[in-house]
Amino acid sequence: MDFKQAIASSLAESTALDAKELITWLETPPSPEMGDYAFPCFKLAKTLRKAPPVIAQELSRSLALPEGVQRAEAAGGYVNFFLDKTAQAKAVLERVFTQGERYGGSDLGKGRNVCIDYSSVNIAKPFHIGHLPTTVIGNALYRIYNHLGFHSVGINHLGDWGTQFGKMIVAYKLWGDHETIEQGGVDELVKLYVRFHREAESDPSLDDAARAWFKRIEDGDPEALSLFEWFKALTLKEVEQVYEILGIRFDSYAGESFYNDKMGRVVDELRGKGLLKLDQGAQIVDLSEYKMPPCIILRSDGATLYATRDIAAALYRKDTYDFAKCLYVVAYQQDLHFRQWFKVVELMGYSWAKDLVHVSFGMVSGTEGAFSTRKGNMVKLRDVLSAACEKTYEIICEKSPDLEEKKTVARQVGVGALVWNSLYNGRIKDVVFDWDAVLNFDGETGPYAQYTHARACSVLRKANYAPAPVDYSVLTDTEAAAVVAAIGAFPDAVVEAMEKNEPYLVTRAVIGICAAFNKFYYEQRIMADDEIVRQARLTLTDATRKVIAIGLNLLGIAAPERM
RNA sequence: GUUCCCGUAGCUCAGUCGGACAGAGCGACCGCCUCCUAAGCGGUAGGCCGGGCGUUCGAGUCGCCCCGGGAACGCCA
């Protein structure tokens, strides 16, 4: 923030060091009583040939305190800076009200596109709990980048290509029924798929038939194509219902099949640049120099592979969107795959290879091990969503029987709880899906943040709050100051979340605000008798609820005003 | 076997490009609604930060080795 800048500049004058360097040295003390910013003097000890505590003493005395900084105190090897709480409250709250919806945002990414490849559902496969992380993390990043002035391009890279669709057609023609499938949707398709595999074990001719049908899709045979499109439409219809519930939309559904006619370019280019090598019948790019297995571009039968398609997609996206970054929100299992083809793009001579980022995340498993369609222990996203909403509905009936629109709020809170869970921790952590954990709404959960928001809204409603000039000096008590500090820390958290592609940093910033506000709410009476105090506290409450709403919105979570 | 990731309180995790006594939530136990939403707030208990060596004024954080868990490793995506 501005105060940090000012302190760094002031330190720069006294130490003859670069302010930009110094600002990175400044840290936040472990507890608020120790000040708002701390400057560790250890690094100066060598050059100044003095003990850190001595340097701290001298600095604390000689420094010219910038505007808004009340005092500087030496504490061991640190100089602690104490902000003038009134000035801090004024600066932070005015910024909130000036920027409004855009608080925590900026024009950092102005004019630059960011492609975000996420969710990427498979056609004719169920949308299960394992798809939640990519969907929700991708969506949050989409919103975070937009908030920082980038233009996000959300891409659902559909899994809509491969021999499995030949299998689907064979199964459908043998055992399927149009009406049943129209009714049952993806579940029916999965049944057919499972049956195909069972029967193919004893009847290998089925696999031949499947290959033949897939060939017909590739060749554009009308019957094959229409069945294929039908499966696709059925799947998308179901999936879009879930996106609707989650409030997610995509700018592009260009999936695997979309790049079918765009892979020749990749092969030609690789060959032209002398990167392709024939090995065991396949065309590969040798990566042994980079300690990686080769990247296979063409199978020995001439067919393309996953990597070929991803490279084609990257080239297309660069041409189409001229992205500043292209993110792939995909589980860490595919780490090697991305490292391989990113390297291939680099070897092709494209400097933008460095802008390709694998945003990896941990895997979701059940309490009894990995989910698998075959084992049938897979948990469908829709089931989890409805369970969460039902549970929420019960709680509302119990706690807020008079609430109107219970169903709507139950949905917002139930869905919010689920989304929050996927954005609460660092991406890389594995997740064991556990109903009890998912349906627990106490503590640092989505409902907690939503509750805090609703609570603040409730106070403002009851008080008939209207904006008016504020005496910020009455917001200097410990609890109010903590709320101010938490709100003030929000913008940096958003930037860091973008830089690291880690939405949980926003989640944690929201928690910080909620915790501080709830404490404030408990300790200080917002609707104080004193009019000056009341107006100031209401203003703080208003700012709080606004920033919580912004934070939740960045995470893709609704902020109901009552619950 | 090789490479990558992870290992912090009973459980789930955070720990600011190394820095001030290691934090939070859940669970357990104990408190707080005649007063603004108790989906809240407070307190107690609970940790040789997997182990060792090293770098450093200083290591949960960096390097090396070991142990434990996960993932990937050529014609699937």
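Can you find, within segment A:303-352, the residue that is farthest from RNA strand B (Cβ to nearest atom) among those that are hydroxyl-bearing (S, T, Y) and surrounded by 21 or more Cβ atoms within 10 Å (Cβ to Cβ)? Give the derivation first.
Step one: filter segment A:303-352 for residues hydroxyl-bearing (S, T, Y), giving A:304, A:306, A:308, A:316, A:320-321, A:328, A:332, A:350-351.
Narrowing further to those that are surrounded by 21 or more Cβ atoms within 10 Å (Cβ to Cβ): A:304, A:308, A:328.
On the way: A:T304: 7, A:T308: 8, A:Y328: 12 Å.
If we take residues in segment A:303-352 being hydroxyl-bearing (S, T, Y) and surrounded by 21 or more Cβ atoms within 10 Å (Cβ to Cβ), then A:Y328 is farthest from RNA strand B (Cβ to nearest atom).
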Exercise. In segment A:136-168, what residues are assigned to a helix (DSSP H, G or I), farther than 17 Å from A:E256 by Cβ and in contact (Cβ under 8 Å) with a residue 24 or more places away in the chain?
Worked result: A:V136, A:I137, A:G138, A:N139, A:A140, A:L141, A:Y142, A:R143, A:I144, A:Y145, A:H147
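Quick one: in segment A:377-394, of everything that is of a type outside the set (S, T, Y) and without any contact (Cβ under 8 Å) to a residue 60 or more places away in the chain, which residue is farthest from A:P447 (Cα to Cα)? Spell out the reasoning first.
So the first thing to find is which residues in segment A:377-394 are of a type outside the set (S, T, Y), and the list is A:377-385, A:387-391, A:394.
The next check asks that each one be without any contact (Cβ under 8 Å) to a residue 60 or more places away in the chain; those that pass are A:377, A:383, A:387-391, A:394.
Numbers: A:N377: 28, A:D383: 19, A:A387: 15, A:A388: 11, A:C389: 12, A:E390: 14, A:K391: 12, A:E394: 14 Å.
Looking at the filtered set, the residue picked out is A:N377.
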Exercise. Taking only pairs six or more apart or across chains, which ones have beta-carbon atoms under 8 Å, a first residue in segment A:301-316 that is more than 9 Å from A:K262 (Cβ to Cβ), and a second residue that is basic (K, R) and near RNA strand B (Cβ under 8 Å from one of its atoms)?
Worked result: A:L305/A:R299
For this session: Find all pairs meeting these conditions: Cβ atoms under 7 angstrom apart; at least six residues apart or on different chains; first residue within segment A:250-279 and within 30 Å of A:H151 (Cβ to Cβ) and open to solvent by less than 60 Å² (accessible area, probe 1.4 Å); second residue among the aliphatic types (A, V, I, L, M) and assigned to a helix (DSSP H, G or I).
Result: A:Y259/A:A312; A:Y259/A:A313; A:K262/A:A312; A:M263/A:A312; A:V266/A:I311; A:V266/A:A312; A:V266/A:L315
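Taking segment A:469-483 on its own, how many of its residues are surrounded by 13 or more Cβ atoms within 10 Å (Cβ to Cβ), in a loop (DSSP other than H, G, I, E, B) and more than 14 Å from RNA strand B (Cβ to nearest atom)? Walk me through how you get there before you give the answer.
Going residue by residue through segment A:469-483, those that are surrounded by 13 or more Cβ atoms within 10 Å (Cβ to Cβ) are A:470-483.
This time we only want the ones that are in a loop (DSSP other than H, G, I, E, B), so: A:470-471, A:476-477.
From what is left, the residues that are more than 14 Å from RNA strand B (Cβ to nearest atom) are A:470-471, A:476.
Count: 3.
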Exercise. Which is crowded, with 18+ Cβ neighbours inside 10 Å and either of a type in the set (A, V, I, L, M, F, W, C) or at pLDDT below 95 (or both), of A:L234, A:L174, A:L225?
Worked result: A:L234
For this session: Return yes or no: is A:L439 in contact with a Pro (Cβ under 6 Å, 6 or more places away or on another chain) and not polar (S, T, N, Q)?
Result: no
Exercise. Which condition number does A:G138 fail, the rest of (1) open to solvent by less than 30 Å² (accessible area, probe 1.4 Å); (2) within 16 Å of RNA strand B (Cβ to nearest atom); (3) under 26 Å from the mean Cα position of the chain (by Cα); (4) of a type outside the set (S, T, N, Q) being met?
Worked result: (2)
Exercise. Does segment A:103-120 contain any residue that is within 30 Å of A:H358 (Cβ to Cβ), open to solvent by 40 Å² or more (accessible area, probe 1.4 Å) and of a type in the set (A, V, I, L, M, F, W, C)?
Worked result: yes
Problem set entry | Selected residue (criterion: farthest from A:T476 (Cα to Cα)) from residues of segment A:538-563 that are open to solvent by 30 Å² or more (accessible area, probe 1.4 Å) and charged (D, E, K, R) | A:R562
Seminar exercise, completed: Expected single match for modelled with pLDDT of 95 or more, within 29 Å of the chain's Cα centre (by Cα), part of a loop (DSSP other than H, G, I, E, B) and more than 10 Å from RNA strand B (Cβ to nearest atom) among A:A486, A:A559, A:A466 is A:A559
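Going by what's in this entry, would A:V495 be described as touching a residue at least 24 places away in the same chain (Cβ under 8 Å), closer than 19 Å to A:Y142 by Cβ and not polar (S, T, N, Q)? I'd like the intermediate steps shown before the answer.
Numbers: touching a residue at least 24 places away in the same chain (Cβ under 8 Å): yes; closer than 19 Å to A:Y142 by Cβ: yes; not polar (S, T, N, Q): yes.
Yes; evaluated as a whole, the condition is true for this residue.
Could you grab me the full set of residues in segment A:21-67 that are open to solvent by 70 Å² or more (accessible area, probe 1.4 Å) and under 24 Å from A:A485 (Cβ atoms)? Please lay out each step first, then the result.
Of the residues in segment A:21-67, the ones open to solvent by 70 Å² or more (accessible area, probe 1.4 Å) are A:21, A:24, A:27-28, A:30, A:32-34, A:42-43, A:46-50, A:57-58, A:61-62, A:65, A:67.
Correct list: A:T24, A:E27, A:T28, A:P30, A:P32, A:E33, A:M34, A:L65, A:E67.
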Seminar exercise, completed: Heads up, the helices (runs of 4 or more DSSP H) in segment A:378-450 (entirely inside) with at least 3 residues that are hydrophobic (A, V, I, L, M, F, W, C), near RNA strand B (Cβ under 9 Å from one of its atoms) and open to solvent by less than 10 Å² (accessible area, probe 1.4 Å) are A:406-422
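The values are calculated or read from the model by the stated rules, or taken from the named source; none is laboratory data. It should be emphasised that the depicted structure is a prediction, and the values quoted were computed from it without experimental measurement. Note that each Cβ is placed from the backbone with ideal geometry, even for glycine, and that neighbours are counted across all protein chains shown. What goes into the accessible areas is simple: the full protein's heavy atoms, side chains included, and nothing from ligands, DNA or RNA. Shrake-Rupley method; radii C 1.70, N 1.55, O 1.52, S 1.80 Å.
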